[in-house]
Amino acid sequence: MMKNFDVLFIGSGQAAWNAALPLAMAGKKVGVIEENKVAGVCTNFGCDAKAVLDGPVKALEIMKQYEEVSLNPMNASINWEKLMQHKHMIIDPLADQVQGLLERVGVTFIFGHAEFIDPTTIEVKNEKYTAEKFVIATGQRPARLNIEGKEFLKSSTDFFDLETLPKEIVFVGAGYVSMELASIAISSGANVQIVEFGSRALSGFDSEFADKLVKKMSNEGVAFHFNQAVTKVEKNEADQLIVTTDGGKQIVADYVIDATGRIPNVEHVGLDKAGVIYDRQGIVVNGHLQTSQKNIYASGDVVKKDVPKLTPTAAFEARYLTRLITGQTQAEIDYPLIATAAFTLPRIAQVGVTTSEAAENPEKYTVKTIDLANTWDYKAMNEKEAEMKLIFDQSKNLVGAANYSNEAPEVINSLTTIIQNKLSLMDLDKMLYAFPTLDYNLPFYLMQAMG
């Protein structure tokens, strides 16, 4: 007998379970189909794992800063094997925890590969399922260069499961994945080289901050090769990998990570049979996250969209679908400001109007730079390169910000609240933050920037 659901999700990541949970609690009959690990990439193979590995690496960075001014040298170092054991202890139980949480409120899990056979029916392991509404939340996967020797290339997922850290690592691409993992690898004792097709790292982030980071990482031993495309990877007689570029470089490595981007999982889901329109950038949706079939929705990184494909965005879309499906709203999705961050050392974070957009439109925006390194609190932390840029419109409203410091994401989160809610200096003057904290000084920086 064919099983029927009110809502059936394909995928169980942030774009799915953040809707499946409240929908089931609201009395909907909810199913979740998963062919890999419950809770998706971010929880099992991405952001959460990165956060665990990054924690002690950031601690080392802060210790080095304080060794210059107040600490006796400790010669602390990362124990990779111990760190990975800690990562497994934290991350490995999460899939079962999320599954248990959902099952306790009545969500049914179906394990296997899902494929539409028509717009109203999906098949998993020869079993057919129908639903009033489907939500495609299949996410993305790492891109893979189509070059000779591509079988030797690894992904960020592989990096997060390394039992021992390779001595010589090459990253292909200089986006946030490469730069973040390179920061972890170099701090953990590996020799790192980064090959980038373009002329700079961290495209999309403030170029001056990205250049400062490249200079710092270069001083720490990372070798950058810009304007170079990897054309081949092969093994030599010593069982090492040889990475060849179109510029004639040959780089010897033990491990090569392809971090050239991610692509949406739109293949082998039966989208053509379901009549769902998609392209290389993802599934096409309207303002209600509906696909070309009104009973089929899409959420998360698989969606073709202009906003950043990030975990918070996926969770936001899932919460929106909850309100839509339960009749709490009929409005189109309205994305708030989305803060982005590269968890390098230091961090780079930004929100709202970017510095590049401001530079291209000087008649609309003014950029003010705050030399954080020369403020008392950053001096106390011995952050010698800390810097912040604030972007104002012609009415002196704060509309964007970028920050380069160990605390950049936290500072930008606070500024996101200010920009999103259009808070004025008078509004901020009515608030009392804890002191001494970085947030406490934000109104002062804004006042300073506004003259």
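The values are calculated or read from the model by the stated rules, or taken from the named source; none is laboratory data. Here the structure is a predicted model, which is why all the values come from computation and not from measurement. Cβ atoms come from the backbone with ideal geometry, glycine included; neighbour counts cover every protein chain shown.
General observations
- Restricting 169, 78 to residues that are crowded, with 16+ Cβ neighbours inside 10 Å, touching a Pro at 6+ places or on another chain (Cβ under 8 Å) and β-branched (Val, Ile, Thr) narrows the list to 78.
- Of all residues in the range 261-278 being surrounded by fewer than 22 Cβ atoms within 10 Å (Cβ to Cβ) and either among the hydroxyl-bearing types (Ser, Thr, Tyr) or not in a loop (DSSP other than H, G, I, E, B) (or both), the one that is nearest to the chain's Cα centre (by Cα): 262
- Scan of the range 143-160 for residues that are touching a residue at least 12 places away in the same chain (Cβ under 8 Å) and in a loop (DSSP other than H, G, I, E, B), ordered by number: 143, 144, 145, 147, 149, 153, 155, 160
Table: residues versus (1) touching a residue at least 40 places away in the same chain (Cβ under 8 Å); (2) under 23 Å from residue 340 (Cβ atoms); (3) not basic (Lys, Arg).
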| position | (1), (2), (3) |
| --- | --- |
| 352 | yes, yes, yes |
| 374 | no, no, yes |
| 378 | no, yes, yes |
| 388 | yes, yes, yes |
| 394 | no, no, yes |
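- Matching residues in the range 39-69 - criterion: being crowded, with 21+ Cβ neighbours inside 10 Å and either touching a strand residue (DSSP E or B) at 6+ places or on another chain (Cβ under 7 Å) or of a type in the set (Phe, Trp, Tyr) (or both): 45
- Exclusive hit being free of Cβ contacts under 8 Å to residues at least 12 places away in the same chain and in the same structural domain as residue 308 (by TED's automatic domain parsing), set 92, 118, 96: 92
- Test for residue 164: is it surrounded by fewer than 22 Cβ atoms within 10 Å (Cβ to Cβ) and assigned by TED's automatic domain parsing to the domain that holds residue 196: yes
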